[in-house]
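Report on the structure given below.
The values are calculated or read from the model by the stated rules, or taken from the named source; none is laboratory data. Worth saying up front: this structure is predicted, and the values here are computed from it rather than measured. Using ideal geometry, Cβ is built from the backbone for each residue, glycine included, and neighbour counts are taken over all protein chains shown. Remember, those area values only see protein heavy atoms, side chains included, never the ligands or the DNA or RNA. Shrake-Rupley method; radii C 1.70, N 1.55, O 1.52, S 1.80 Å.
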Amino acid sequence: MFEAQAIAIEIEKIIPNRPMTHDLFRSFANSFHFHVDEIIISDLKEGVFFAKIVCTDGLKKTEIDARPSDAIAIGLRFDSPIFTYETILTEAGIVLTDQEEEEEKEKSETARPEPKTRAKKESLKKGSDDFKNYSVEKLNELLKEAIDKEDYERAAKIRDELSRRN
């Protein structure tokens with residue numbers, strides 16, 4: 001969960017109050033003039049993925065073993081490309097047959113939308129993520145609270161609403 005949140009924070013360009021572990025890694029690497037060249041999802045054994053962080057100091061390349069979630073979070077912070085091998089994609093990928101694709105399409109077409117009153121009730125239960133009715137000042141206050149609580153998904157939604165208004 002932590003790594004997924006770290007990935008989402010970087011993708012959404014949310015700046016937390018204090019550096020996260022992956023940001024610390026970037027600062028450390030930059031201080032010692034290391035750069036992450038690429039991330040390689042290198043193996044899949046018994047359902048467990050493995051990754052390597054390929055970095056350089058300009059003279060020497062080094063591969064560091066890492067969990068894929070950490071490697072991806074770090075790679076995003078360095079704007080590094082992320083690669084894997086076709087054999088891993090083949091082993092891990094799910095291929096739908098034409099029949100399965102048809103069934104998925106039918107499911108999505110026949111799924112009934114929920115009545116609006118029920119959807120409204122559920123959004124009220126969730127703390128109402130409809131931010132259109134809030135003032136800019138209130139949105140900034142909610143944004144600060146969400147970041148303080150490390151609720152980065154909510155923070156991203158608030159940030160998007162503020163961006164729409166600018």
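Could you check the range 15-58 and list, in sequence order, the residues that are over 30 Å from E91 (Cβ atoms) and touching a Lys or Arg at 6+ places or on another chain (Cβ under 7 Å)? Residues satisfying the conditions are D23, R26.
Can you confirm whether L59 is over 26 Å from K157 (Cα atoms) and out of contact with any Phe, Trp or Tyr (no Cβ under 6 Å at 6 or more places or on another chain)? When the stated conditions are applied, L59 passes them. Checking each residue in the range 44-84 for being more than 28 Å from E12 (Cα to Cα), in contact with a strand residue (DSSP E or B) (Cβ under 7 Å, 6 or more places away or on another chain) and among the basic types (K, R) picks out only K61.
So that you can scan it fast, the table gives a plain yes or no per residue for (1) over 19 Å from E3 (Cα atoms); (2) modelled with pLDDT of 90 or more:
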residue	(1), (2)
F32	yes, yes
S42	no, yes
G47	no, no
I53	no, yes
S69	no, yes
L76	no, yes
A92	yes, no
L96	yes, no
E101	yes, no
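A Cβ distance below 9 Å, combined with a sequence gap of six or more or placement on separate chains, defines the contacts here; from the range 139-151, residues that are hydrophobic (A, V, I, L, M, F, W, C) reach residues that are not in a helix (DSSP H, G or I) in the pairs L139/F131; L142/F131; L142/Y134; I147/I14; I147/I15; I147/P16; I147/N17.
Would you kindly identify the strands (runs of 3 or more DSSP E) lying entirely within the range 1-77 that contain at least 2 residues that are buried (at least 19 other Cβ atoms within 10 Å of the Cβ)?
35-45, 48-56
Here V136 fulfils each of the conditions (1) out of contact with any Leu (no Cβ under 8 Å at 6 or more places or on another chain); (2) modelled with pLDDT of 80 or more; (3) open to solvent by 60 Å² or more (accessible area, probe 1.4 Å) apart from (1).
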